[in-house]
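Trainee: Could you have a look at this structure, given as structure tokens, before my questions?
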Amino acid sequence: MADSSLFLGAHTLIMGIVNVTPDSFSDGGRYFDAGLALAHARKLIDDGADILDIGGESSRPGSDAVSVEEELRRVVPVVRVLAGSCGVPLSIDTTKPEVAGECLRLGARIVNDIAGLRDPAMLRITARYNASAVIMHMRGTPKTMQSEPVYDDLIAEVKAFLAERVPAAKQAGVRDIAIDPGIGFGKTAAHNFEILRRLDEFQSLGCPVLVGPSRKSFLGSLQGQQDAGERLEGSLAAAVIAVMKGAAVVRVHDVAACRRALQVADAVRQS
Ligand code: HH2
């Protein structure tokens with residue numbers, strides 16, 4: 001672990017989600033305009049976000065990739081304004097080295113790569129800017145990942161992937177790394193529940209654990225909430241469980257409510 005990690009704090013860190021997209025699964029289109037995205041980002045900071053994660057491409061199941069130019073057009077105006085002024089580290093949620101590089105140049109400090117930094121160019125650019133990184137596990141691509149994902153041993157296979165990617169990233173010069181089992185990325189609802197139940201098993205990899213259950217469909221599968229906006233209580237329950245199982249960072253849409261829930265979880269954890 002790096003001497004000082006952007007993923008470790010006195011309390012569980014909250015990564016607030018800013019989707020500058022027309023099609024994200026839970027808030028697509030709401031913050032597609034840069035001005036609306038900036039206002040939303042500032043609200044998340046007021047609500048208690050410790051990190052902001054800016055994304056310009058949806059990774060919802062079945063989604064199509066967007067071009068580098070389009071993704072830059074979406075995120076750059078937001079990152080440019082926030083990087084110098086917002087007071088919390090900015091993370092760029094992208095799989096494209098060109099997008100990561102431009103956002104790091106503008107002042108973002110974390111690369112959140114759902115593809116797990118498998119692209120050598122992504123490793124190089126992250127190391128060159130001495131940026132922190134989130135390495136996430138995903139089976140397949142967003143286009144294909146939900147077509148009947150099957151694992152012989154879910155936790156062992158996800159851990160094996162992360163255990164291979166972390167040293168590769170360190171070897172490339174990336175020093176501050178969080179690992180993420182990738183809830184909803186090539187996993188059934190049962191897989192996602194098992195990941196939460198066994199999240200503590202990822203501690204042995206020696207990196208802070210980040211997890212992103214917020215508003216995802218496995219939560220709605222229990223109570224039939226088709227609308228992601230109706231999954232607040234389930235999202236809070238999942239975040240609290242993740243913290244009790246050792247998560248250092250939780251990636252969420254509903255920052256204010258999550259901050260209140262995690263205050264309780266942190267107090268219990270530290271008692
Ligand atoms: N989930 C999403 C996107 N990025 N990054 C990490 N590290 N972990 C996650 O679980 C994760 C992620 C999907 O959520 P969201 O950004 O709200 O949706 P969309 O991809 O449709 O924009």
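The values are calculated or read from the model by the stated rules, or taken from the named source; none is laboratory data. Predicted model only: the values in this text are computed from it and were never measured. Methodologically, a virtual Cβ is constructed for each residue, glycine included, from the backbone with ideal geometry; neighbour enumeration extends over all protein chains shown. With ligands, DNA and RNA removed, areas are computed over all heavy atoms of the protein, side chains included. Shrake-Rupley method; radii C 1.70, N 1.55, O 1.52, S 1.80 Å.
Trainee: In the stretch 109-140, how many residues are open to solvent by 10 Å² or more (accessible area, probe 1.4 Å), free of Cβ contacts under 8 Å to residues at least 60 places away in the same chain and over 17 Å from G186 (Cβ atoms)?
Mentor: Summing the residues that are open to solvent by 10 Å² or more (accessible area, probe 1.4 Å), free of Cβ contacts under 8 Å to residues at least 60 places away in the same chain and over 17 Å from G186 (Cβ atoms) in the stretch 109-140 gives 10.
Trainee: For the stretch 66-77, name all the residues that are under 25 Å from G140 (Cα atoms), touching a residue at least 12 places away in the same chain (Cβ under 8 Å), surrounded by fewer than 18 Cβ atoms within 10 Å (Cβ to Cβ) and of a type outside the set (V, I, T).
Mentor: Scanning the stretch 66-77 gives a single hit, E70.
Each row is one residue, and each column tells you yes or no for (1) within 19 Å of the chain's Cα centre (by Cα); (2) away from the ligand (no atom under 12 Å from the Cβ).
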| position | (1), (2) |
| --- | --- |
| A121 | no, yes |
| A131 | yes, yes |
| M138 | yes, no |
| Q146 | yes, yes |
| L154 | no, yes |
| V166 | yes, yes |
| D180 | yes, no |
| A190 | no, yes |
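Trainee: Give the residue that is nearest to the chain's Cα centre (by Cα), with candidates limited to residues of the stretch 98-118 that are assigned to a loop (DSSP other than H, G, I, E, B) and closer than 23 Å to V211 by Cβ. Step through it out loud before you land on a result.
Mentor: Here is the first cut: in the stretch 98-118, the residues assigned to a loop (DSSP other than H, G, I, E, B) are 107-109, 114-118.
Then keep just the ones that are closer than 23 Å to V211 by Cβ; that gives 108-109, 114-118.
Numbers: A108: 15, R109: 14, I114: 8, A115: 11, G116: 11, L117: 13, R118: 16 Å.
Among those that are assigned to a loop (DSSP other than H, G, I, E, B) and closer than 23 Å to V211 by Cβ, it is I114.
Trainee: Looking at the stretch 52-65, is at least one residue buried (at least 19 other Cβ atoms within 10 Å of the Cβ), free of Cβ contacts under 8 Å to residues at least 24 places away in the same chain and in contact with a Phe, Trp or Tyr (Cβ under 8 Å, 6 or more places away or on another chain)?
Mentor: No, the conditions are met nowhere in the stretch 52-65.
Trainee: For residues that are away from the ligand (no atom under 14 Å from the Cβ) and open to solvent by less than 40 Å² (accessible area, probe 1.4 Å), scanning just the stretch 19-40, find the one that is nearest to A108 (Cα to Cα). Spell out the reasoning first.
Mentor: Step one: filter the stretch 19-40 for residues away from the ligand (no atom under 14 Å from the Cβ), giving 33-36, 38-39.
Remaining after also requiring open to solvent by less than 40 Å² (accessible area, probe 1.4 Å): 34, 38.
Values: A34: 17, L38: 15 Å.
Here the answer is L38.
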